[in-house]
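Okay, so here's the structure we're looking at.
The values are calculated or read from the model by the stated rules, or taken from the named source; none is laboratory data. Here the structure is a predicted model, which is why all the values come from computation and not from measurement. Cβ sites come from the backbone with ideal geometry, for glycine too, and all protein chains shown count toward neighbours. For the accessible areas, the whole protein counts, side chains as well, though only heavy atoms, and no ligand, DNA or RNA atoms are used. Shrake-Rupley method; radii C 1.70, N 1.55, O 1.52, S 1.80 Å.
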Amino acid sequence: MRIVLLGAPGSGKGTQAQKLVKQYGAPQVSSGDLLRDAVARRTELGLEAKVAMDAGELVSDELVLALIRERLSRPDALHGFILDGFPRNIAQAKALNGALERLGQPIDAVVLMNIDPAILLKRLTGRRSCSRCGRLFNIHTSPPTADTPCVDGGLEHALVQRPDDNEDTIRNRLEVYDAQTRPLIDHYRKLGLLCDVDAVGDVEEVFARLERAVQSVTKQARR
Ligand code: AMP
């Protein structure tokens, strides 16, 4: 299964990607996570990317493509992947298409996480993740409970907030999404790969919609 998750920041791509990983065993390939890892390790690429990330701008295609190419060439991605946050513009989509064509591994479906922009600000300012297991929470809508232990078995989540989840940067990230990422919707719709998913609601409910939508797109492609 080779899936791209498309949607504005805060639309739930990361949460649904984590569910897809559990269900299908394909790895989540998140360009944001790869970049944050490079920043944390203070690599040359990370230090260069940090400036754009802190401002809520896109990191250059060249840097992001280098990370994605390396990640997709690892053995665990050979039989499928869930791309989360990549591609973010038409140039990245074309580069991805070229790389996958050369590997004979085309994308099966592009999931558009549809959501009213007014909801996004609340979702993003409430977003936290566990510093130990990476599990995503929202302090307003889905805080940790006794039923959501860390993957290492503990109940206590040390919750952290991303530095770019502050109001000013969020506003810029939403503008960048509109200007640069939104055109991908038409691009993938024309290719017959797009499936629209209503991303408002309970995580499980959204996941059920997502699975139905992906199945219908892949069925149509097989015909
Ligand atoms: P995300 O975790 O997907 O919200 O990404 C966090 C930040 O990383 C974004 O605001 C961008 O600065 C950068 N970033 C993530 N993915 C990409 C991408 N595909 N192209 C350029 N910049 C990206």
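Miscellaneous remarks
- Projected label distance in nm at Asp178 and Ala66, using a 7 Å step from Cα toward the beta-carbon: 3.3 nm
- Centroid-to-centroid separation of the stretch 15-76 and the stretch 125-176 [C-alpha atoms, Å]: 18 Å
- Among the lysines of the chain, pairs that are 8 or more positions apart or on different chains and have alpha carbons within less than 23 Å of each other number 11.
- From phi via Karplus (6.51, -1.76, 1.60), per-residue ³J(HN,Hα) for the stretch 95-100 in Hz, x at Gly/Pro: 5, 5, 4, x, 5, 6
- On the principal axes of its alpha carbon atoms, the chain extends 47, 40, 36 Å, with the longest extent given first.
- Per-pair calculated FRET efficiency, R0 = 45 Å: His140 and Gln215 via Cβ, rounded to 0.05: 0.90
- Solvent-accessible ranking of Arg189, Arg212, Arg162, largest area first, probe 1.4 Å: Arg212, Arg189, Arg162
- Once the Cβ-Cβ distance of Arg189 and Arg132 is raised to the sixth power relative to R0 = 41 Å, the FRET efficiency obtained is 0.55.
- Pair Glu44, Asp168: separation of 7 Å Cα→Cβ label points (nm): 3.1 nm
- Distant-in-sequence amide H partners of Phe81 (H built 1.01 Å from N, under 5 Å): Arg2, Ile3
- Average accessible surface for the stretch 57-181: 53 Å² per residue, computed with a 1.4 Å probe over protein heavy atoms with every protein chain in place.
- Once the Cα-Cα distance is subtracted from the 0.36 nm per residue extended length, the Arg102 to Asp147 segment shows a gain of 11.8 nm.
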